[in-house]
Amino acid sequence: MPELPEVETVCRGLARVMDGKRLVRLDLHRPDLRFPFPKGLRERVEGRRIGIVERRAKYILIRLEDGGTMIGHLGMSGRMMIGRDTNEPLGAHDHVVFAVEDGVTVRFNDPRRFGFLDFAEAGALGAHPMLVTLGPEPLSDAFTGAVLARRLAGRKSSIKSALLDQKIVAGIGNIYASEALYWAGISPQRSADDVSGTHAEGLALAIKQVLTRAIAAGGSSLRDFVQTSGELGYFQHEWAVYGREGEPCPGCDCGKTIEKFVQNARATFHCPRRQT
């Protein structure tokens, strides 16, 4: 599933062609994705001007200037592909097409249909069931070590599992949790409530640095993810531990190799000496 850097990359690509533009047409080529499309969605949005496209956690927010927001999620295999409004035939999995001014189209392609497209009326976005319980944005100035420590206090789960809890911090998934814990020198098995003080400060900083670097590289293309241009992301070439089982620890001369184990049904990668 695309994580924060991949969704941020998609949102930036969409913003370049959609911000400030009128949505001329919304074509829905099936009644649903993961969920049914809202009734009357086309009538709600066609002809209205888009204000900005931005991200919240792993969600794409297409905000309309006069209120209301389309909420998109890429699911496991979804893509947003920018093109021109031509007679090019739709692909088998091009389920939604946004047509904006200047002849630009955006095709929401989702082979596995685990994504969705929803709508929140003006003033109701914060109460949307997918957004209401989300934790802080890790790239915001408000996300600090002290904030992270408070959100981890009293939690007996592993720190890796805690980072995947979107109620604690928004947008982090399996890849970037492993990477951030590596650079912070924290074992993924450490109890979450044991991460405080300087450890929490170091982890918050590592999260910000890893996510920022990943966004700069266009995200990670592991299976299905591509940018809105169709290009792959490149951050997978910079992974320190994820997918590096058996390779030397890249950040120190500890002599250990990266190990993999299953944690809460998810693959975890770490250096057993560097991370304590």
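Throughout, read-outs are computed from the coordinates displayed, never taken from laboratory work. The model shown is predicted, which means the values in this text are computed figures rather than measured ones. All Cβ positions, glycine included, derive from the backbone under ideal geometry; neighbour counts span all protein chains shown.
Roughly speaking, what is the centre-to-centre gap between the range 5-49 and the range 82-127 when only Cα atoms are used, to the nearest Å?
About 5 Å separates the Cα centre of the range 5-49 from the one of the range 82-127.
Based on the Kirkwood radius over alpha-carbon pairs, what value in µm²/s does the Stokes-Einstein equation return for the translational diffusion coefficient of the chain at 37 °C and 0.692 mPa s?
166 µm²/s
Measure off 7 Å from each Cα along the Cα-to-Cβ vector at A142 and K156, then give the distance between these two points in nanometres to one decimal.
Output for this residue pair reads 3.1 nm.
Gain in length, A265 to A216, computed as 0.36 nm per residue apart minus the alpha-carbon separation, to one decimal in nm?
Taking 0.36 nm per residue and subtracting the Cα distance, the gain is 14.7 nm.
What is the spread of the Cα atoms of the range 45-84 along each of their three principal axes, largest first, in whole Å?
Answer, in whole Å and largest first: 31, 28, 13 Å.
Mind giving me the FRET efficiency for A122 and K167? R0 is 25 Å, r the Cβ-Cβ distance, nearest 0.05 is fine.
Step by step, r from the Cβ atoms, then E = 0.45.
So if the hydrodynamic radius of the range 4-127 is defined as the Kirkwood radius over C-alpha pairs, what does Stokes-Einstein give as its diffusion coefficient at 20 °C and 1.002 mPa s, in µm² per second?
Taking Rh from Cα pairs, D becomes 150 µm²/s.
Please give every one of the aspartates and glutamates within straight-line cross-link reach of K156, meaning a C-alpha to C-alpha distance under 20 Å, and leave out same-chain neighbours fewer than 8 residues apart.
The reachable aspartates and glutamates, counting only those whose Cα sits under 20 Å from K156, are D165, D193, D194, E201.
State, as an integer percentage, the relative contact order of the range 4-127 based on alpha-carbon contacts under 8 Å between residues 6 or more apart.
Here the relative contact order equals 30 percent.
Given R₀ = 51 Å, FRET efficiency for M130-C254 by Cβ-Cβ distance, to 0.05?
0.75
Which values of log₁₀ I(q)/I(0), to two decimal places, follow from the Debye formula for the range 145-270 at q = 0.09, 0.22 Å⁻¹ with a uniform point scatterer at every Cα?
Normalising to I(0) and taking log10 leaves -0.25, -1.34.
Taking θ = phi - 60°, what integer Hz values does the Karplus form 6.51 cos²θ - 1.76 cosθ + 1.60 yield along the range 44-54, in sequence order, with x for Gly and Pro?
6, 10, 5, x, 8, 8, 7, x, 9, 10, 9
Greater than 22 Å separation of Cα atoms is the criterion. Which listed pairs, K58/K208; K167/K260; K160/K260; K167/K208, meet it? Could the numbers behind the result be given before it?
Working: K58/K208 16 Å; K167/K260 26 Å; K160/K260 13 Å; K167/K208 17 Å.
Result: K167/K260 exceed 22 Å.
If you rank M76, M70 by fewest surrounding Cβ atoms within 10 Å, what's the result?
Sorted ascending by nearby Cβ count, the order is M76, M70.
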